[in-house]
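Take a look at the structure below.
None of the figures in this text is laboratory data; all of them are computed from the coordinates on show. It should be emphasised that the depicted structure is a prediction, and the values quoted were computed from it without experimental measurement. Neighbour counts run over all protein chains shown; Cβ positions are idealised from the backbone, glycine included.
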Amino acid sequence: MLFISYSASIGYITDMFWHRTYKLGFFVALALLPAMAWPTTSPAQSGVDCYSVGSRVASQNGGTLVQATPENRGGQTVCRVVVVIPGGNGERPKRAEFVVPAN
């Protein structure tokens, strides 16, 4: 008769349990991970040129463009534009944020 210690037999049983029960579910979850993790389209991939929109907004307000990023709000693509506007009479510059349609 072959003697197997108690801890070794538990390890063997759990290995078999893992093999039969969880392996298929693990591989199914692993296969579905890319579909769940990444959205199909993002505002950045939709061809929106927020830089030119931001440049226009900055020139209209007499400031300097800091950031222009596309966002999806309510199913519509908009550009979030951050502009720094110089302060008058030695004051600090003001940071202004605008949300404008991407068109």
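Among the residues of the range 64-81, write down those that are more than 11 Å from CYS50 (Cα to Cα) and in contact with a Lys or Arg (Cβ under 8 Å, 6 or more places away or on another chain).
VAL66
When you check ALA58 against the structure, is it part of a helix (DSSP H, G or I) and either crowded, with 17+ Cβ neighbours inside 10 Å or in contact with a strand residue (DSSP E or B) (Cβ under 9 Å, 6 or more places away or on another chain) (or both), yes or no?
yes
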